[in-house]
Amino acid sequence: MHYLKAIAAAQTDEGEAVVRQMKNTPANDFEMKNVRIRADGQVMRPLYAARIKASIESKYPYDYYEITRTIPAEDAWRPAADSACNLLKTQ
């Protein structure tokens, strides 16, 4: 959805313009809220630690796990300063 919204906002499907729009606009959808895309293309979304439930703990279909911790994006992904990506070196 973020890609399609970027095409609409950029009013083109030209790759560089769409990527630029995607990086300048936070992603907001059913899964991610206010998630940014870093210059090297890394989607800076949080990660989740989960515990698999015992079958007796499940209360409805697909109730398999419990989120035990949210790991902030800054802690989950390699810092931009440590990246070898040339896209970050030109910033």
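The values are calculated or read from the model by the stated rules, or taken from the named source; none is laboratory data. All of these numbers come straight from a predicted model, not from anything done at the bench. All Cβ positions, glycine included, derive from the backbone under ideal geometry; neighbour counts span all protein chains shown.
Pull up region 36-53, narrow it to residues that are in a loop (DSSP other than H, G, I, E, B) and either more than 19 Å from R20 (Cβ to Cβ) or charged (D, E, K, R) (or both), then point me to the one that is farthest from the chain's Cα centre (by Cα). Among residues in region 36-53 that are in a loop (DSSP other than H, G, I, E, B) and either more than 19 Å from R20 (Cβ to Cβ) or charged (D, E, K, R) (or both), the one farthest from the chain's Cα centre (by Cα) is K53. Considering region 73-91 alone, what residues qualify as being surrounded by fewer than 11 Cβ atoms within 10 Å (Cβ to Cβ) and part of a loop (DSSP other than H, G, I, E, B)? Hits for region 73-91 are P79, A84, T90, Q91. Select from region 1-22 the residues that are exposed (fewer than 15 other Cβ atoms within 10 Å of the Cβ) and touching a residue at least 12 places away in the same chain (Cβ under 8 Å) and write down the one among them that is farthest from W77 (Cα to Cα). So the residue we want is A9. For region 15-35, the set of residues classified as at pLDDT 95 or above and in a loop (DSSP other than H, G, I, E, B) consists of T25, P26, listed by residue number.
When region 23-39 is limited to residues that are touching a strand residue (DSSP E or B) at 6+ places or on another chain (Cβ under 6 Å) and β-branched (V, I, T), the one that is surrounded by the most Cβ atoms within 10 Å (Cβ to Cβ) turns out to be I37.
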